[in-house]
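Here's the structure we're looking at; comments come further down.
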Amino acid sequence: MFDVIVMPNLYGDVLSDVAAQIAESVGLAGSANIGEECSMFEAIHGSAPRRAGQNVANPSGLLQGAILMLNHIGQVAAAEKIQNAWLKTLEDGVHTYDISKEGWSTKKVGTSEFAAAIVENLGKYPQKLARATFSENTAISLPRYQRKPRRKKELEGVDLFVHWDGTEPVILADKV
């Protein structure tokens, strides 16, 4: 129903986790934090340190973050090619442990094998799942950020206060 939902970070994090879990795995979703001066793309679930070095983690969330980044920087054709290869891999039933289901999965694989299957499917398209097509105009126009004026700060019972405005610190000491 929605292509983009804009909300504060906390609520966006909660909504993205809930939506991914409804899709059966938080390992499937990527995330984009887009600003005027910089942007960040990631898997919504974080780094999964419990799965590190075991060749079991689902790399889909990180791949989806990379696809969002490719769209953001105008590499739409590359984003479509990778997304369609990923969809074809899922459609073929090649799944990691977190999404593997009897009767749906044809092959349960590890992280490396899943990534290799996606690479093998580059240039192919899903037959049952909807083919990915992205708009050439994916840029988001944001209003220019304007820093608020510095507020007057007064010490009340604090021994030391350091104010940083991005140039040099202002150190205020409480009266002794």
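The values are calculated or read from the model by the stated rules, or taken from the named source; none is laboratory data. What you see is a predicted model; the values in this text were computed from it and never measured. Glycine gets a Cβ as well: all are built from the backbone with ideal geometry, and neighbour counts include every protein chain shown.
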message = Quick check on my filter: what residues within segment 31-65 are closer than 30 Å to R147 by Cα, surrounded by 11 or more Cβ atoms within 10 Å (Cβ to Cβ) and in contact (Cβ under 8 Å) with a residue 24 or more places away in the chain?
response = S31, A32, N33, I34, E36, S39, F41, I44, G65
request  = Considering only segment 87-141, state which residues are of a type in the set (A, V, I, L, M, F, W, C), under 14 Å from N55 (Cα atoms) and either in a loop (DSSP other than H, G, I, E, B) or in contact with a Lys or Arg (Cβ under 8 Å, 6 or more places away or on another chain) (or both).
outcome  = V109
Count of residues meeting criterion [outside any loop (DSSP other than H, G, I, E, B), within 21 Å of V4 (Cα to Cα) and out of contact with any Gly (no Cβ under 8 Å at 6 or more places or on another chain)] in segment 36-85 = 14
note = Of the residues in segment 99-155 that are in contact with a helix residue (DSSP H, G or I) (Cβ under 6 Å, 6 or more places away or on another chain) and polar (S, T, N, Q), the one that is modelled with the lowest pLDDT is T138
key: Any chance N71 is crowded, with 20+ Cβ neighbours inside 10 Å and in contact with a Phe, Trp or Tyr (Cβ under 6 Å, 6 or more places away or on another chain)   = yes
ask   = Do you know which residues across segment 78-96 are in contact with a helix residue (DSSP H, G or I) (Cβ under 9 Å, 6 or more places away or on another chain) and hydrophobic (A, V, I, L, M, F, W, C)?
value = A78, A79, I82, A85, W86, L90, V94
query = Yes or no: R144 in contact (Cβ under 8 Å) with a residue 40 or more places away in the chain, within 26 Å of V4 (Cβ to Cβ) and either surrounded by fewer than 11 Cβ atoms within 10 Å (Cβ to Cβ) or in contact with a Cys (Cβ under 6 Å, 6 or more places away or on another chain) (or both)?
reply = yes
query = Is there any pair linking a residue in segment 100-126 that is within 20 Å of A79 (Cβ to Cβ) and aromatic (F, W, Y) to one that is modelled with pLDDT under 95 and crowded, with 16+ Cβ neighbours inside 10 Å, with Cβ under 6 Å and at least six apart or on different chains, and which?
reply = F114/T96
note = Residue hits (segment 1-35; under 28 Å from T96 (Cα atoms), in a loop (DSSP other than H, G, I, E, B) and of a type in the set (V, I, T)) are V4
note = Considering segment 74-123, residues that are touching a Ser or Thr at 6+ places or on another chain (Cβ under 6 Å) and more than 21 Å from E42 (Cα to Cα), and then whichever is surrounded by the fewest Cβ atoms within 10 Å (Cβ to Cβ), we arrive at G93
ask   = Does segment 72-89 contain any residue that is among the small types (G, A, S), modelled with pLDDT of 85 or more and within 11 Å of the chain's Cα centre (by Cα)?
value = no
